[in-house]
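The values are calculated or read from the model by the stated rules, or taken from the named source; none is laboratory data. It should be emphasised that the depicted structure is a prediction, and the values quoted were computed from it without experimental measurement. Counting neighbours? That spans all protein chains shown, and the Cβs are built from the backbone with ideal geometry, glycine included.
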Amino acid sequence: MLRRKPNTVSCSLLSHLQPLAMQRSAGKSSDGRLQAKLNPLLCPNIDAMRKSTESTRLRTSCVVNNYNYSDYVCEAVESAIAQALPFDEIIVIDDGSTDDSVNRLRHQFTSESKVTIVTKENGGQLSCLHAGHHLATGDVLFFLDADDRYDRKLTQNALLIFEAHPEIDFLSVGYRKIGNTNRGPVRNKPTRNCGISTLGAIYHRNWIGNPTSCLSMRSNLAKQVLPFPDEAAWRIRADDVLVLGSSIVGANKYHLDLPLVEYRIHGNNGFANRKQSNQAKMKHAIQTNRLIRYYVEKMGYDLKSLAELLPREFRTLQRPSLRELFDYVRMCSSTKLPWTLRLGYALKLLSHYLNDSRRPADVPAEAVIPAEAVIPAEATEPIRKAA
């Protein structure tokens, strides 16, 4: 079992963690962009926000996963502690590190009342997420890789969305690269309500999210997604489980394109900085197929009748791109529905694309803009729910 000490938890065997987790589950420029500095009008008074919402504010948990990142893990934890709107708890899961990660963590954070350190046998990234999820008590869970860092306004921005919009289950935020940044620029995604992406994930493997450190979700969604039974298959790239799993179970997703995470590129990245062989890509594709099948069976979906909901799902997507329109048209055309239905669905998809694609970007009016951020010029407009 997991045994708590004042600020440290020790776990003996990985095999002890999974049953506990299973029990838990059963129960810029002329194109409309501007270079923004911090604007006092956009920044709520944090002290007043803490006092006025102390009894009603959503409780937050940060789960940090670490394996042999002693050079970075303390920076990651410090960035979680330094939030302008503090986390209620920070749970650091050390995955059997063989370096001095644990010694550094205990030396630096034993006196931090909100930091709990967990040590366990090596089992991979997904096993860390399972352990952290089992211990977390928050209403919203945030996930942080030990080699990344948070901007201090992450929780502030995230809770502005989660508290004002109870229909949002899952949030991804933007990031900027640090470290070996010659790997190319970050591909921007539009700030918008990404809607429900169940069919897109099942039929087209649409990946609606960002790397692990950019993700947060409500605890009731996390209970549907975790635990995933095959930990060994997801020793790395466990964000696929979070992103695809949450889509398939029906999460309403939102993306906020503010660089609130520092995503580190270095020589020891588990995935981000490595070239994948064709064999590795094929193995990952097979693992993803099993992942999708697991969640489809868990939710009890009838795939034949589910295809009839493609136009309805597309209408939950705010300001779809032309590529997204083509993706959904292809999904419609590949179903076994009568051609008349498929044609009618394609026309409905086109109608939503034409009506919604040119609408302006929306983010919360209270969004706290990080210094040096490049944001849409329309960034102070309120969130509009998808049609």
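Evaluate the following for residue 111: is it surrounded by fewer than 23 Cβ atoms within 10 Å (Cβ to Cβ) and among the small types (Gly, Ala, Ser)? Criteria met by residue 111. Scanning region 316-351 for residues being in contact with a helix residue (DSSP H, G or I) (Cβ under 6 Å, 6 or more places away or on another chain) and of a type in the set (Asp, Glu) gives a total of 1. Counting only strands (runs of 3 or more DSSP E) that fall entirely inside region 110-228 and contain at least 3 residues that are modelled with pLDDT of 95 or more and under 27 Å from residue 307 (Cα atoms), the qualifying elements are 170-179, 192-196. I'd like to verify a number: residues in region 70-95 that are within 11 Å of residue 148 (Cα to Cα) and of a type in the set (Ser, Thr, Tyr), how many? Of the residues in that region, 2 qualify. The set of residues in region 80-134 being more than 17 Å from residue 228 (Cα to Cα) and touching a Pro at 6+ places or on another chain (Cβ under 8 Å) consists of 110, 114. Number of residues in region 289-307 that are farther than 14 Å from residue 197 by Cα and modelled with pLDDT under 95: the value is 4. Pick out the one residue from 309, 317, 325 that is aliphatic (A, V, I, L, M), assigned to a loop (DSSP other than H, G, I, E, B) and assigned by TED's automatic domain parsing to the domain that holds residue 342. Step by step, each of 309, 317, 325 is checked, and only 317 is aliphatic (A, V, I, L, M), assigned to a loop (DSSP other than H, G, I, E, B) and assigned by TED's automatic domain parsing to the domain that holds residue 342. In the set (1) closer than 24 Å to residue 309 by Cβ; (2) buried (at least 20 other Cβ atoms within 10 Å of the Cβ); (3) not hydroxyl-bearing (Ser, Thr, Tyr), residue 258 fails one condition alone, (1).
Checking the stated criteria, residue 285 turns out not to satisfy the condition of being modelled with pLDDT under 60 and either under 27 Å from residue 241 (Cβ atoms) or in a loop (DSSP other than H, G, I, E, B) (or both).
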